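Novice: Pasting a structure here, questions to come.
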Amino acid sequence: MSPPPSAANQLPLPQWAYVPGETAEADADHDTLWQAKALVPSRFRDFVPARHPALRYGLALNDHGFFWESQQILEAVWAAAPQGGRERILLRACIQIAGANLKLRMLKPHAAVRLFGEALRELTTLSLRQAVAGGDGFADTFPTAALAALLTGKLAQPALSKADWVNIGAAGRT
């Protein structure tokens, strides 16, 4: 049995964003993250539901600037996703985007460019895999092409700054 989608709305945002090198990891808001990780099953059956609360929460964390925390939740969802599934590819791209965003915050733009490039390659791989018509999986409903276009735009810039982080949810609004 999976938790109701509204569970993600009930999870609080962490009290602060953990940034390696700026704060001690012991200061990360592990209690809040544990609540979200507890929603992830040991294994998803056939796909990761697009409305799963831990997935939605992980994406929301990124979009609210909690990049390290987003990676932690999305990695837990990725680990439970079916092997060889389309969701694993998309989740890997989202994890890399959160990592790139974190690198931008840490003023490491070259590392961010590398991770954005890796995420774009994952999205290209995903575009070559057959989508399920009317599927309820994360990869079936996500605007992958819009996110790829967003990344392509970032990678075309001569240099990236701290302000150039990618809001994953913005892909659905373009």
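Novice: How high is the FRET efficiency between A146 and H64 when r is their beta carbon distance and R₀ equals 25 Å, given to the nearest 0.05? Spell out each step's value before the answer.
Specialist: Working: r = 20 Å, r/R0 = 0.79.
The value I calculate is 0.80.
Novice: Per residue, how much accessible surface does the range 17-165 expose to a 1.4 Å probe? Answer in Å², no decimals.
Specialist: Details: 6980 Å² over 149 residues.
Result: 47 Å² of accessible area for each residue.
Novice: Counting other Cβ atoms within 10 Å, keep those with at most 15, restrict to DSSP loop, and tell me which trypsin sites (Lys or Arg not before Pro) in the range 87-164 are left.
Specialist: Numbers: sites: R88, R92, K103, R105, R114, R121, R129, K154, K162; in loops: R129.
Those satisfying the criteria are R129.
Novice: For a label point 7 Å from the Cα of A159 along Cα→C-beta, name the residues of the range 107-130 whose backbone N is under 13 Å from it.
Specialist: Within reach of a label on A159: 108-110.
Novice: Here is a follow-up. With only Lys, Arg, Asp and Glu charged, each at its Cβ (+1 for the first two, -1 for the last two), find how big the charge dipole of the chain is about the Cα centre; round to the nearest 20 debye.
Specialist: Values: 17 positive and 15 negative charges, 100 e Å.
With Lys and Arg at +1 and Asp and Glu at -1, about 480 debye.
Novice: To continue, here is another question. Using label points projected 7 Å from each Cα along Cα→Cβ, tell me how many nm separate W16 and D136, to one decimal.
Specialist: The two pseudo-label positions are separated by 4.1 nm.
Novice: Say the dipole of the range 68-148 comes from +1 at the beta carbon of Lys and Arg and -1 at that of Asp and Glu; which of Q72, G99, Q130 then lies farthest toward its positive end?
Specialist: G99
Novice: Can you count the Lys pairs in the chain with C-alpha separation below 18 Å, eight or more apart or on different chains? Don't skip to the end; give the middle numbers.
Specialist: Working: K103/K154; K103/K162; K108/K154; K108/K162; K154/K162.
Pairs that pass both the separation and distance tests number 5.
Novice: So for the pair R129, W34, with labels modelled 7 Å out along Cα→Cβ, what separation do we get in nm?
Specialist: 3.3
Novice: While we're on this one: Can you compute 3J(HN,Hα) from phi for each residue in the range 164-171, using the Karplus curve 6.51 cos²θ - 1.76 cosθ + 1.60 with θ = phi - 60°, rounded to whole Hz and x for Gly and Pro?
Specialist: 8, 5, 9, 8, 4, x, 5, 4
Novice: Per the Kirkwood treatment, what hydrodynamic radius in Å, one decimal, follows for the range 24-68 from the mean inverse distance over all distinct Cα pairs?
Specialist: Kirkwood hydrodynamic radius for the range 24-68: 11.8 Å.
The values are calculated or read from the model by the stated rules, or taken from the named source; none is laboratory data. Given the structure is predicted, the values throughout are model-derived calculations rather than measurements. With ideal geometry, Cβ positions are generated from the backbone for all residues, glycine too; neighbour counts draw on all protein chains shown. What goes into the accessible areas is simple: the full protein's heavy atoms, side chains included, and nothing from ligands, DNA or RNA. Shrake-Rupley method; radii C 1.70, N 1.55, O 1.52, S 1.80 Å.
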